[in-house]
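**Q** Can you keep this structure in mind? I'll have questions shortly.
The values are calculated or read from the model by the stated rules, or taken from the named source; none is laboratory data. Small disclaimer: the values here were computed from a predicted structure and weren't measured. Every residue, glycine among them, receives a Cβ derived from its backbone with ideal geometry; neighbour counts consider all protein chains shown.
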Amino acid sequence: MGWFARSVVGLGLLLPLSVLAQPQPTENVTVTGTKSREVLQDFVRSMAVPTHSLDKLARWSDGICPLAAGLRPDFAKFIVRRLREVAAQVGAPVNERASCKPNIEIAFTGAPQLLLDRIKIKNAVLLGYHDNKNQLDQLTKVTHPIQAWYTTATLDLRGNMQVDGARASGPGMEIVYLCNPGTPGMICTMHLSDAHAASVTGMRLGDGQRSTLYHVLIIVDPTQLQDYGMGALSDYIAMLALTQVASLDACQKLSSIVNMLAKDCDQKSDALTSNDAAYLHALYRMSPQMNLGAQRDQVAYGMEQDLIGH
């Protein structure tokens, strides 16, 4: 058991059977509303947020390895199994090794703010991109009964990875230049500690760089979710784990699992919908090296193709 799991269990909340409903099979949900390209493009724009560093849509490039902690083992296995099933169905990579290092960590706790405060002190990189203390303080706030924090990374043309952050990791860069152009042979060196090199194509439509999900932290407060079954919670968690959702408060115009906890929303669903499956499938088929506009167009087109005939 790693630090994350020990911290969750250490909060003293191991969920009894009475708190969460028995696991339920996921039901098929009929998609309502129009599926015109314009509506699908609006859905894509409102669903996924681009990364801070590269301004592209992030998805998993390494196999997912989920870990659930803070609840009974049978419930934890159900959530992990469902997440792996959804990932495989939509084309996301799955790490099948039993000893894989967790990159999706799901914590069930009745003290979510306390856990988040501990993570801020011990491993703030798990909270995602932040430039300064004020931004970190804003990230360290629990505002929803199920909430996700995303750490992203940038992969260059050669596959070199740089975790996205205000400061670059690694040794930095050395730049050699002429100190005085009028004096032959006078060479100076400048060290840039927060810079790093990246291999790119130089093309406008696609520069060869891509954004990837590096780690996803999901914290669940079951004391606020007693009206929801395990199937609904598992599907909601799976959606948050496989794509960086822009807002948990926005009500999607097409039926979606992310509407489940959104306030004043008519298009509610307690299971992954055809729209959700089409979106995730298209996300994992799009070209990760293209610019944001092209990526969104590809995802909308992919959704349209998947939803034809539904």
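**Q** If a residue counts only when it is closer than 22 Å to Gly231 by Cβ, which helices (runs of 4 or more DSSP H) contained entirely in the range 73-173 have at least 2 such residues?
**A** By residue number, 73-90.
**Q** Report, by residue number, each residue of the range 257-273 that is modelled with pLDDT under 95 and among the polar types (S, T, N, Q).
**A** Gln267, Ser269
**Q** So which residues in the range 254-277 are crowded, with 24+ Cβ neighbours inside 10 Å, among the polar types (S, T, N, Q) and not in a loop (DSSP other than H, G, I, E, B)?
**A** Asn275
**Q** If we scan the range 153-166, do we find a residue that is of a type in the set (A, V, I, L, M, F, W, C), more than 30 Å from Arg285 (Cα to Cα) and at pLDDT below 95?
**A** No, the range 153-166 contains no residue that is of a type in the set (A, V, I, L, M, F, W, C), more than 30 Å from Arg285 (Cα to Cα) and at pLDDT below 95.
**Q** Also, quick follow-up: If Gln305 satisfies every condition in (1) assigned to a helix (DSSP H, G or I); (2) modelled with pLDDT under 95; (3) surrounded by 17 or more Cβ atoms within 10 Å (Cβ to Cβ) but one, which is the exception?
**A** Among (1) assigned to a helix (DSSP H, G or I); (2) modelled with pLDDT under 95; (3) surrounded by 17 or more Cβ atoms within 10 Å (Cβ to Cβ), the lone unmet condition for Gln305 is (3).
**Q** Mind counting the residues in the range 278-295 that are surrounded by fewer than 21 Cβ atoms within 10 Å (Cβ to Cβ) and in a helix (DSSP H, G or I)?
**A** Count: 4.
**Q** To continue, here is another question. Looking at the range 33-62, which of its residues are free of Cβ contacts under 8 Å to residues at least 40 places away in the same chain and of a type in the set (Val, Ile, Thr)?
**A** Matches in the range 33-62: Thr34 only.
**Q** On the basis of being in contact with a Lys or Arg (Cβ under 8 Å, 6 or more places away or on another chain) and modelled with pLDDT of 65 or more, does Thr212 make the cut?
**A** When the stated conditions are applied, Thr212 passes them.
**Q** Look through Met239, Met286, Met290 and report the one residue that is at negative phi, at pLDDT below 95 and in contact with a strand residue (DSSP E or B) (Cβ under 9 Å, 6 or more places away or on another chain). Talk me through it step by step, then tell me what you get.
**A** On the way: Met239 fails: at pLDDT below 95; Met286 fails: at pLDDT below 95.
The unique qualifying residue is Met290.
**Q** Another question, if that's okay. Check off (1) crowded, with 17+ Cβ neighbours inside 10 Å; (2) part of a loop (DSSP other than H, G, I, E, B); (3) of a type outside the set (Phe, Trp, Tyr) for Gln41 and give me the number that stays unchecked.
**A** The single condition Gln41 does not satisfy is (2).
**Q** Any chance you could count how many residues in the range 75-94 are in contact (Cβ under 8 Å) with a residue 40 or more places away in the chain and either touching a Phe, Trp or Tyr at 6+ places or on another chain (Cβ under 8 Å) or closer than 23 Å to Pro222 by Cβ (or both)?
**A** The qualifying residues number 10.
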